[in-house]
Structure formats: structure tokens, C-alpha cells
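Take a look at the structure set out below.
No value in this document is a laboratory result; all are computed from the given coordinates. Since we're looking at a predicted model, the values are computed, not measured. So basically every Cβ, Gly included, is an ideal-geometry build from the backbone, and we count neighbours across all protein chains shown.
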Amino acid sequence: MTASPNMPSRFWKELRRRKVLRSLAIYAGTAFIILEAATIIFPRWNFPDWSIDLVLWPSWTA
């Protein structure tokens with residue numbers, strides 16, 4: 001099976017057309033904000049150290 005040379009460019013165009021990249025950026029940005037807030041707020045509220053692992057755990061299983 002030989003792939004055409006413009007296959008990667010067609011792939012990226014299709015991802016842009018379906019707005020997959022925008023959704024990925026929004027998901028990554030939201031996850032970053034949640035994780036950063038947890039690492040700042042949890043120690044201040046004297047949550048146990050393993051509570052941050054609970055916030056991280058769903059991202060490991062995805």
C-alpha cells in the first residue's frame with residue numbers, strides 16, 4: 001500500500017474542517033487550569049497529598 005504524498009496535508013485539513021484541533025486546545029487548556037488550581041488550592045486548604053492524585057487520575061486513564 002502506497003500513500004499519496006499529500007496524505008498528511010489532507011489529514012490536517014480534515015481535522016481543521018471538523019474543528020478537532022480547536023476542541024483539543026480547549027480540552028487541554030481546561031485540564032491545565034484545573035490541575036494548576038488543584039496544586040495551588042489543595043495544600044492551602046490542608047487536603048492530604050494524595051488528593052491531587054485523585055484529580056490527576058482521570059487524565060491517566062483517558
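Things to note:
- Dipole size of the range 7-61 about its Cα centre, with +1 on Lys/Arg Cβ and -1 on Asp/Glu Cβ: approximately 700 debye, rounded to the nearest 20.
- Projecting the Cα atoms of N46, A25, L35 onto the charge dipole of the range 7-61, computed from C-beta unit charges around the Cα centre, puts A25 farthest toward the positive end.
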